[in-house]
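Engineer: What follows is a structure written as structure tokens; I'll ask about it next.
Only the coordinates and a few stated rules stand behind these numbers; no lab work does. Quick caveat: nothing in here was measured; it's all calculated off a predicted structure. Cβ placement follows ideal geometry from the backbone for every residue including glycine, while neighbour counts extend to all protein chains displayed.
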Protein chains: 2
Amino acid sequence: MTVLVFLDPAHEHGRIADAGHPQLMATDLGATRGDGVFESLLVVRGTPRKLQAHLDRLGHSAEAMKLELPDQQAWRRAITTALDEFAAVEKAAAPEIVLKLMSTRGVEGSGRPTSWVSVFLPSPTAARQREDGIDVLLLDRGYDSTIADRAPWLLLGAKTLSYAVNMAAIRHASEQGADDVIFTSSDGKVLEGPTATVLVARTRDGTRELVTPRRDSGILPGTTQGALFSAAGQAGWRLGYGPLERADLLDADGVWLVSSIRLLAPVNSIDGTAIAGSPALTAELTTLLDKIT
Amino acid sequence: MTVLVFLDPAHEHGRIADAGHPQLMATDLGATRGDGVFESLLVVRGTPRKLQAHLDRLGHSAEAMKLELPDQQAWRRAITTALDEFAAVEKAAAPEIVLKLMSTRGVEGSGRPTSWVSVFLPSPTAARQREDGIDVLLLDRGYDSTIADRAPWLLLGAKTLSYAVNMAAIRHASEQGADDVIFTSSDGKVLEGPTATVLVARTRDGTRELVTPRRDSGILPGTTQGALFSAAGQAGWRLGYGPLERADLLDADGVWLVSSIRLLAPVNSIDGTAIAGSPALTAELTTLLDKIT
């Protein structure tokens, strides 16, 4: 069951729409050009996690695309409406639900974005991969790690609706018997997953360190990685920002793909080679993550 | 006015739908992930140009994305329905109309693509740019020219609905006072426009030559360039496939961006530097193009 609420100037708290019927125009630039932005977040016991960070990132993505969004208060009101409606129609209260925020450039020629919120139950795959871990392929993303600043038209730090390549990479991994992908740059740097941030735990000079790729390497800033870094820093971890290469993944104490819905997915193997993992570390980081609101 | 016809197993000749009302599900992967393929073609005096080439390219794009499309006969029937409907509702017969073919991976979880045909009048911009020519910026596409074969998950030869970067590049050009873009590779090769193929005319050893970038450099094979090459070859032109670099554009007898709707758009300047152009050459190539069906 999906609950759909459109942001609509005529409906202060958002307009509830039937997700079982067509609600988008066939000429919407979101559908014809992948021209829009989105966020996915987890709602735990009724409360969206890291909502402000997601609203801020949605705003940054829109800025990169020169897209004018409704203001954050309008998003918050529509989200409340959607969560209330979901609670009203779903009989059993789900511990976790998924909230998506979408905004497209709207119907061609209209100059008005189409913006909506959807709420639905997470796929069982996410929970399973969280438990069992994932096998990952390293795939070349084609870009060198310094291009993002030089070429803003590549929209590298923006979370856009043009996700065909991300989906194709995951399909490619799946055909090879793997679950997910870590993209690398043409100059051999570890970048990110198609829908997740890379996180590495290692020990340096006797100190435990959490490391994620450099932010200026053309990756999406991870809201979950960001929140986890804050919590881990307070808990005594040293924090680092790449550069990371393939060998850093193979030699780590643990590698995870971190994202808002699946949370911490431990990486079991890379290109078919088993890597060290630590259920204790996963449990420790999960506990830190569970405290984040 | 837009005429919309969905390919639908329950309607052999396609299902006419009202383009003024929502017709797509908000959970369609075309809208949420840019996960689909498309073609745009020109209909001249009622006849779609190069229809077979466009249907074939749609099929190749779908293959690259592991997307199962309706068969070509179903597309042809829906196209006929859409053109008939357009002719019935538009009072004045338009000499040129635009036909778009779209297919998405469908509603998430359904496993059935959403496929439709739309027909509408071309924007006046295309006709103006055909007449007046265009100012172009060279922008780095970030990829090197050898990556397409190595990294099929980048979908470089496929015409997907994930066009946000193409649209951002054109916006970037527009902000700098230019009209369009020619992408270059990180190793300095001329690639393609965001929605067009690059065509260069030059004279070598006294022979007139038409040149387009190498096909294996990660570009979309141009149906208009392909048809024009056939016609030009028969008319005595020597034909060549790159590699082309910036200097080749600046030194050419003429440079065009070639595409199905705008046809031949002569390039007047590159990065602010005026380049040689030849109305006579444009006229000659346009005459060749006008004979293509």
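Engineer: Please give the net charge around B:T282, taking every other residue with its beta carbon less than 13 angstrom from that of B:T282, where Lys and Arg add +1 and Asp and Glu add -1.
Structural biologist: -3
Engineer: Which whole number gives the average, over all residues in B:113-126, of C-beta atoms from other chains lying within 10 Å of the residue C-beta?
Structural biologist: If you average over the peptide's residues, the count of other-chain Cβ atoms is 1.
Engineer: Which of the listed residues, A:A201, A:G188, A:A235, is farthest toward the dipole's positive end in segment A:127-290, when Lys, Arg count +1 and Asp, Glu count -1 at the beta-carbon?
Structural biologist: My answer, from the dipole projection, is A:A235.
Engineer: If all Cα-Cα distances of the protein assembly as shown are sorted into 10 Å bins from 0 onward, what percent lands in each bin, rounded to whole numbers?
Structural biologist: Here the calculated profile for the protein assembly as shown is 3, 16, 26, 26, 17, 8, 3, 0, 0.
Engineer: In percent, what relative contact order does chain A have, based on Cα pairs under 8 Å that are 6 or more apart in sequence?
Structural biologist: 19
Engineer: Now for a separate question. By counting other Cβ atoms within 10 Å of each Cβ, how are A:V5, A:V165, A:V44 ranked from fewest to most?
Structural biologist: Lowest to highest Cβ neighbour count: A:V44, A:V165, A:V5.
Engineer: I'd like the distance separating the alpha-carbon centroids of segment B:223-258 and segment B:75-91, in whole Å.
Structural biologist: Measuring centre to centre over Cα atoms gives 34 Å.
Engineer: Then there is this: What is the order of B:M1, B:M167, fewest Cβ neighbours within 10 Å to most?
Structural biologist: B:M1, B:M167
Engineer: Find the eigenvalues of the gyration tensor of the Cα atoms of segment B:50-199, then list the square roots of 5 times those eigenvalues as equivalent ellipsoid semi-axes, largest first, in whole angstrom.
Structural biologist: 29, 24, 13
Engineer: To the nearest Å, what is the center-to-center distance of segment B:1-71 and segment A:126-192, using C-alpha atoms only?
Structural biologist: 28
Engineer: Given the options A:D271, A:D216, A:D18, state which has the largest fluctuation in a GNM of chain A using a 10 Å cut-off (strictly under) for Cα springs.
Structural biologist: A:D18
Engineer: How big is the dipole moment of segment A:127-290 about its Cα centre under a simple scheme where the beta carbon of each Lys and Arg is +1, that of each Asp and Glu is -1, and everything else is neutral? Debye, nearest 20, please.
Structural biologist: The dipole magnitude comes to about 400 debye.
Engineer: What translational diffusion coefficient, in µm²/s and rounded to a whole number, does the Stokes-Einstein relation yield for segment A:3-122 at 25 °C and a viscosity of 0.890 mPa s, taking the hydrodynamic radius as the Kirkwood radius over Cα pairs?
Structural biologist: Stokes-Einstein gives a translational diffusion coefficient of 169 µm²/s.
Engineer: Given the rule -39500 (n - 2.57) for each run of at least 4 DSSP H residues, summed and divided by the residues of chain B, what is its mean residue ellipticity at 222 nm, to the nearest 500 deg cm²/dmol?
Structural biologist: -9000 deg cm²/dmol
Engineer: Then there is this: Treat the count of other C-beta atoms within 10 Å as a stand-in for reagent exposure and order B:W256, A:W237 from fewest to most.
Structural biologist: Ranking B:W256, A:W237 by Cβ neighbours within 10 Å, fewest first, gives A:W237, B:W256.
Engineer: Which log10 I(q)/I(0) values does segment B:48-101 give at q = 0.23, 0.29 Å⁻¹ under the Debye formula, counting every alpha carbon as one identical point scatterer?
Structural biologist: -0.93, -1.21
Engineer: In peptide B:12-24, how many Cβ atoms from other protein chains are near each Cβ within 10 Å, on average?
Structural biologist: Mean shielding by partner chains, rounded to a whole number: 3.
Engineer: How many nm is it between the label spots at A:V44 and A:R150, if each spot is 7 Å from the Cα in line with the beta carbon?
Structural biologist: In this crude spin-label approximation the distance works out to 4.1 nm.
Engineer: Ok, one more. So what does the Cα-only Debye profile of segment B:77-158 read at q = 0.15 Å⁻¹, as log10 I(q)/I(0), no solvent term?
Structural biologist: One equal scatterer on each Cα of segment B:77-158 leads to -0.94.
Engineer: Rounded, prolate or oblate: which fits segment B:135-196 when a ≥ b ≥ c are the square roots of the eigenvalues of the alpha-carbon gyration tensor, with rounded for a/c under 1.5 and prolate only if a/b beats b/c?
Structural biologist: oblate
Engineer: Same structure again: Which of the aspartates and glutamates could a cross-linker span from B:K91 if the Cα-Cα distance has to be under 20 Å and same-chain partners fewer than 8 positions apart are dropped?
Structural biologist: B:D18
Engineer: Over the alpha carbons of segment B:182-271, what is the largest minus smallest coordinate on each principal axis, giving the biggest first in Å?
Structural biologist: 34, 29, 26
Engineer: Same structure again: How far apart, in nanometres, would the label points at B:E63 and A:D205 be if each is projected 7 angstrom from Cα along the Cα-to-Cβ direction?
Structural biologist: Taking the two extended label points, one gets 5.7 nm.
Engineer: Of A:K100/A:K189; A:K66/A:K159; A:K50/A:K291; B:K50/B:K291, which sit over 21 Å apart, Cα to Cα?
Structural biologist: Result: A:K100/A:K189 exceed 21 Å.
Engineer: For peptide A:163-176, what's the mean number of Cβ atoms from other chains within 10 Å of each residue's Cβ?
Structural biologist: 6
Engineer: Could I ask something else about it? Give, in nm to one decimal, the length gained when the segment between A:D18 and A:A231 is fully stretched (0.36 nm per residue of separation minus the Cα-Cα distance).
Structural biologist: Additional length available on full extension: 72.7 nm.
Engineer: Rounded to the nearest 5, what is the percent of antiparallel bridges among the DSSP beta bridges in segment A:127-290?
Structural biologist: If we restrict to bridges inside segment A:127-290, about 60 percent are antiparallel.
Engineer: Separate question: Taking a quarter of the surface of the Cα convex hull of chain A, what do you get in nm²?
Structural biologist: Value for chain A: 15.6 nm².
Engineer: Using alpha carbons only, what's the Rg to Rh ratio of segment A:5-45 with Rh from Kirkwood?
Structural biologist: 1.02
Engineer: On the Cα set of segment A:127-290, report Rg and Dmax in Å, please.
Structural biologist: For segment A:127-290, the Cα radius of gyration and maximum Cα-Cα distance read 14.9, 43 Å.
Engineer: Right, next: What does the copy distance list look like for A:M1, label position 7 Å along Cα→Cβ, in nm and ordered from shortest?
Structural biologist: 4.4
Engineer: On the Cα set of segment B:85-124, report Rg and Dmax in Å, please.
Structural biologist: Reported Rg and Dmax, both Å: 14.4, 43.
Engineer: Sticking with this one: Just for chain A, what percent of DSSP beta bridges are antiparallel, to the closest 5?
Structural biologist: Taking every DSSP beta bridge within chain A, about 80 percent pair in antiparallel fashion.
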